[in-house]
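Here the structure is laid out as structure tokens; the discussion comes afterwards.
Just so you know, all these numbers are worked out from the coordinates, no wet-lab data involved. It should be emphasised that the depicted structure is a prediction, and the values quoted were computed from it without experimental measurement. With ideal geometry, Cβ positions are generated from the backbone for all residues, glycine too; neighbour counts draw on all protein chains shown.
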Amino acid sequence: MQPRRKYPKTRSAATSARYAKRRKNRLARVDNDLTDDQWQTLLEAWGRCAYCQGDGAALQRDCVQPVSRGGRYTLGNVVPACASCNASKHNSEVTSWLRRKKLDERAFLLRHATILQQLLPTEEETAASMEHAADERPAEESAS
Ligand SMILES: [Zn+2]
């Protein structure tokens, strides 16, 4: 009997991952558009290897979804990885590789989704710009 049988609540992580994936799909229309500025931003956001948390001296650009599997060098798909993780992961699918390496898959997905939320334009911003358009019309609510 293992007390750990119970499934941890992964809903929020899964939801975040789904949103991240949507954004990634949206970005997938743009091929390999990661700029040096965006790379610097990613380096600062992660601070260390996205997979093993090792703060190796030379972090490399790793495509979460490998190029061989349709991934691209975009803000939504690149994370900093140490040389050893980068070489080990290679063309593997990220979650199965993380599991194989006994790395924290959930922590990675969550962190990745959180960082992307901060870095990518959000739906809220779109909504805000629409509100601006509404501001130009006379406010009906304040009249009553
Ligand atoms: Zn690493």
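See the values below:
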item	result
For Val78, residues with placed amide H under 5 Å, excluding near neighbours	Val64
Order by protection proxy (mean Cβ within 10 Å, highest first), peptides 40-52, 74-86	74-86, 40-52
Using alpha carbons only: equivalent-ellipsoid semi-axes of segment 33-123, gyration tensor based, whole Å	19, 14, 14
